[in-house]
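These notes are about the structure you will find just below.
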Amino acid sequence: MQEFEHTPSTDHKRYVRTVQLPSGKTIEVISFDQCSPPARELHRCPECGGDLVYPVAWEQTDATHWEVRLRCPSCEWAVTDIFEDQLIQAFDETLDRATELLVEDLRQLSRANMEEDVDRFIMAIEAGHVLPEDF
Ligand SMILES: [Zn+2]
């Protein structure tokens, strides 16, 4: 289990982030002049803490910035803001991962449904409800 500790310090637009590596070693990541702290995760809702926030609309404003409208389906929180390309990239990756997880969930769900069907079928056979003329 990886642990990331975010300690943003807002003085002089400097953000210090302490990252603990899997080896146990701790490093400090310092970034300057960010529009927003690097700890910000766009998929996390600032209102209800849910992690289902998704982009409704987006438009590139310049080479490195995007204007994005975000919406949280859990509490209807929404915002339109300008974000850095870097943050959008990370968000995009998170969304990709979320989609993969969803597909995996669906796969497991359909497998479970099939097992249920098989169980029902076996029960029907045992109860004598399935006769040879059904085939
Ligand atoms: Zn929310």
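Throughout, read-outs are computed from the coordinates displayed, never taken from laboratory work. For clarity, every value in this text was computed on a predicted model and none was experimentally measured. Cβ atoms come from the backbone with ideal geometry, glycine included; neighbour counts cover every protein chain shown.
How many percent of all Cα-Cα pairs in region 40-134 sit more than 19 Å apart?
Working: 2615 of 4465 pairs.
Here the long-distance tail beyond 19 Å is 59 percent of all Cα pairs in region 40-134.
Using the 10 angstrom Cβ neighbour count as an exposure proxy, how do 66, 58 rank, fewest first?
58, 66
Test of understanding: ordering 53, 68 by Cβ neighbours within 10 Å, fewest first, what list do you get?
68, 53
Place the peptides 82-93, 107-118 in order of packing, highest mean first, counting for every residue the other Cβ atoms within 10 Å and averaging per peptide.
82-93, 107-118
Describe numerically, in nm with one decimal, the distance between label points set 7 Å from Cα along Cα→Cβ at residue 67 and at residue 98.
If labels sit at residue 67 and residue 98, their model points lie 2.3 nm apart.
Residue 77 versus residue 18, label points 7 Å from Cα toward the beta carbon: distance in nm?
2.6 nm
Full-extension gain between residue 119 and residue 26, please, as 0.36 nm times their residue separation minus the C-alpha to C-alpha distance.
Taking residue 119 through residue 26 to full extension adds about 28.3 nm, to one decimal.
Nothing charged except the Cβ atoms of Lys and Arg (+1) and of Asp and Glu (-1): what's the magnitude of the dipole of region 65-110 about its Cα centre? Round to the nearest 20 debye.
Here region 65-110 has a charge dipole of around 220 debye.
Quick check: net charge around residue 46, other residues with Cβ under 14 Å of its Cβ, Lys/Arg +1 and Asp/Glu -1?
Values: positive: 40, 44, 71; negative: 41, 47, 51, 76, 81.
Here the count lands on -2.
Counting only other residues whose beta carbon sits under 12 Å from that of residue 55, what net charge do I get with K and R as +1, D and E as -1? Please list the in-between numbers first.
Working: positive: 69, 71; negative: 59, 67, 81, 92.
Once all neighbours under 12 Å are counted, the net charge is -2.
When ranked by the protection proxy of mean other Cβ atoms within 10 Å per residue, highest first, what sequence do the peptides 97-103, 46-52 form?
Listed from highest to lowest mean packing, they are 46-52, 97-103.
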